[in-house]
1. Check the stretch B:24-47 and report whether any residue there is touching a strand residue (DSSP E or B) at 6+ places or on another chain (Cβ under 9 Å), more than 19 Å from A:Gly102 (Cα to Cα) and not in a loop (DSSP other than H, G, I, E, B).
2. Quick test of your reading of the structure: B:Phe89 fulfils all but one of (1) within 9 Å of chain A (Cβ to nearest Cβ); (2) in contact (Cβ under 8 Å) with a residue 24 or more places away in the chain; (3) outside any strand (DSSP E or B); (4) not aliphatic (A, V, I, L, M). Name the failing condition by number.
3. Which pairs do you get when a residue that is in contact (Cβ under 8 Å) with a residue 24 or more places away in the chain, found in the stretch A:2-24, comes within reach of a residue that is of a type in the set (Phe, Trp, Tyr) and surrounded by 13 or more Cβ atoms within 10 Å (Cβ to Cβ), reach meaning Cβ atoms under 6 angstrom, with the pair 6+ apart or on two chains?
4. Against the condition under 26 Å from B:Ala29 (Cβ atoms), within 14 Å of chain B (Cβ to nearest Cβ) and either assigned to a strand (DSSP E or B) or of a type in the set (D, E, K, R) (or both), how does A:Gln36 come out, does it pass?
5. Taking B:Ser52, is it farther than 13 Å from B:Ile77 by Cα, surrounded by fewer than 19 Cβ atoms within 10 Å (Cβ to Cβ) and not aromatic (Phe, Trp, Tyr)?
6. Would you confirm, using the coordinates I've provided, whether B:Ser74 is surrounded by 14 or more Cβ atoms within 10 Å (Cβ to Cβ) and assigned to a loop (DSSP other than H, G, I, E, B)?
7. From the residues in the stretch B:53-111 that are hydrophobic (A, V, I, L, M, F, W, C) and in contact with a His (Cβ under 9 Å, 6 or more places away or on another chain), which one is farthest from B:Thr10 (Cα to Cα)?
8. What's the total number of residues in the stretch B:92-108 that are in a loop (DSSP other than H, G, I, E, B), under 21 Å from B:Ser28 (Cα atoms) and modelled with pLDDT of 90 or more?
Amino acid sequence: EAGVAQSPRYKIIEKRQSVAFWCNPISGHATLYWYQQILGQGPKLLIQFQNNGVVDDSQLPKDRFSAERLKGVDSTLKIQPAKLEDSAVYLCASSHRGANTGELFFGEGSRLTVL
Amino acid sequence: GENVEQHPSTLSVQEGDSAVIKCTYSDSASNYFPWYKQELGKGPQLIIDIRSNVGEKKDQRIAVTLNKTAKHFSLHITETQPEDSAVYFCARGEAGTALIFGKGTTLSVSS
């Protein structure tokens, strides 16, 4: 079974530029999450999708971050304009049955450096 | 959601020793408590989980205990091996919400 795919693995941009990350979850997984992991900290939820609908985006900085899940499969996370404090690893995860009823499968992450 | 407090932040043990990591939480609605292992450059991977109707669960060298009254749960690794070296995260979950993670424990096992 293929795992969660993310791209790009690494991205370096200057502040005020924009960046987009892509995620392809495990086939058949209805729930998709984007987490932000700042160096030395645990993953922090940005947004949770159930199929193509948003379940929780309460911690997404909506003035600069946006996310969509096309047709309930792939997802894109965009940051525009980026700030220095956005430097982090952006982890995508998917699960079969929802937040706390099944295992979360994480991708390898997209490491963003904002200069 | 409220945070999960995780201790210690770093832990160094000799190969063959046991390692214990503890987490506390305050939201009594939490009913699912997984532990994830993250190796360098990779995403976190589930190693064991426990639900609120169970006090202890074991899988070979790994065990998790839960005290719902005191609102804390612990990860126990016995007979540690160098390949156990990684960052470990506890998390809590409840119906309808995503997992909330602790800040992590960096475990170093020296041979």
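1. Yes, the conditions are met somewhere in the stretch B:24-47.
2. (3)
3. Pairs that qualify, where the first residue is in contact (Cβ under 8 Å) with a residue 24 or more places away in the chain and the partner is of a type in the set (Phe, Trp, Tyr) and surrounded by 13 or more Cβ atoms within 10 Å (Cβ to Cβ), are A:Val4/A:Phe105; A:Ser7/A:Trp22; A:Phe21/A:Tyr90.
4. Answer is yes for this residue.
5. yes
6. Answer is no for this residue.
7. B:Leu66
8. 3
The values are calculated or read from the model by the stated rules, or taken from the named source; none is laboratory data. Not measured: the values here are computed from a predicted model. Glycine gets a Cβ as well: all are built from the backbone with ideal geometry, and neighbour counts include every protein chain shown.
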